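**Student:** Mind having a look at this structure? Questions to follow.
Please treat every number below as a calculation from the coordinates, not as lab data. From a predicted model like this one, the values you see are computed outputs, not experimental measurements. All Cβ positions, glycine included, derive from the backbone under ideal geometry; neighbour counts span all protein chains shown.
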Amino acid sequence: MNLLSLSNASPWQLPLIISLFLIFLYLARRPFHQGLRALGRTLSNGLRLSSRSVLLAEREMQKRNRDVLMTEGLIQVERELEREFQRVETIVNRDLQAYPAFHRKLSELLHQVDENYRNSSELPPTPPAWVSTIEAVANIPDTADGGVAAVLEEIRKTLERHHQTAMEEYRKATAVRHGILQKTQPGWRQLTDTLEKVNHSITGLKERASLIDKCIQQYQDIRSGSDLAEQRLSTSAMTQFAISALVMMIAIGGAVINFNLIALPMSEMVGGGSYIGAYKTSNVAALVIILVEASMGLFLMESLRITRLFPLISTMEERPRLRMVWISFSILAILAGVESALAFMRDQIAADMEMLRQSLTGMEAAVRTSRSLIPTIGQMVLGFILPFALTFIAIPLESFVHSSRTVVGRFCTWALRALAFILRLLASISHHLFQVLITIYDIAIFPLLWVEEKIRRPAKEPAPPNDNPKLATPKKEKS
């Protein structure tokens, strides 16, 4: 019976139909409640099981992220240790490998300085004590005898002459001693410079040793799986991801500029009217050149062992690796020269297109005057430098790849945790939703439920008599 028949029914039929429908709902109340409860429990339990499964997956993802983070930290610390040990080896080979010759030279300098010091320490003979003699002769009283006075005068002159000769010899010996000390001064300076070099080498070794100690401590913390190491590595990964993403965006901007620089002149080489699908062949060719330049730059960085995205290249022998360095650098230089030539052609093509546009619009072509060469030279220099600048994109690319594993894994962990929360919330909502449906069902048949409650409610029993006379309430006597 549809709604149209109900609307056309007589007034006495509609209450009968509603009464029959309510009786039907009342009779089906118990199985309907059981069905709704079963459906609610099934849906709620399914959502809760799904939430539990998602939480287990989140724990596994978190464990995987921790393992990846610790592994990346170990690899990074091992690379730092390898680099520090290489620097220590360089210092040892540069300074301490020639230690025997250095020790021999140092011994010779010390021997020479010691010998000069001993030679300079020999004191010259002291002048005779003639001063007192001359004073004693000068104090002899003068007599009237001229012969005695002449003899005394002669003695005084002889003594003064010998005294002056002795003083000159003393001064010469002192000058020789000072000359020996002056010859010792370059030896002292050379010895001081040599000791400063040794001190610098030892200081460099101490600094490297302290850095190695820090790396070993970090390595031990990572191997032990401490929370501090995990937090430090996670923060470092987030920072590297943000910085490398920013640098790669800048590099992509440079690649776009490079693409616009060579896209127009490439139409003269491959044809401006040909298409590959929906794209111009010149644009595709310019994009391929830029990608090849980026690949050659990546191979160059890998061959120089600056980056390690391809372990096979970094583990090659020395001669093939150097050969690959020169090959990739040569191809990159050739492509840079091609881009510089294309940048030169771009200026000429742009000028010709402008003249053609003016002639087609009926405007008189302007007389080509001597233009400045600065824009052309700037485009050529930019076309030559940009390929080499894009070479260094390999460094942020490596950092982005390694850090993205941690960042993406952490994002997946957060997503799984949010999904588990949503599933648990939906389970709770579904459980209460079916309870609400049961309540609405009961509200629809509440008249019959009310009648049932009245029928099943037992009659109130009379209050039992109070047998305790002490607790009985005394009656008031009539006055």
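**Student:** Using a basic spin-label model with each label point 7 Å from the Cα along Cα→Cβ, how many nm lie between ASP227 and VAL92?
**Tutor:** A separation of 4.0 nm, rounded to one decimal place.
**Student:** Apply the Karplus parameterisation 6.51 cos²θ - 1.76 cosθ + 1.60, with θ equal to phi minus 60°, to every residue of the stretch 400-407 and state each ³J(HN,Hα) to the nearest whole Hz, in sequence, with x for glycine and proline.
**Tutor:** 5, 5, 5, 6, 5, 4, 5, 5
**Student:** If you don't mind, another one. Can you tell me the alpha carbon radius of gyration of the stretch 370-455 divided by the globular rule-of-thumb value 2.2 N^0.38 Å?
**Tutor:** It is 2.91.
**Student:** Here's something else I'd like to know. Sorting check: for 222-233, 15-26, which peptide has the highest mean count of neighbouring beta carbons within 10 Å, and how do the rest follow? Provide the component values of the computation, followed by the final result.
**Tutor:** On the way: 222-233: 13.9, 15-26: 12.4.
Top of the packing list down: 222-233, 15-26.
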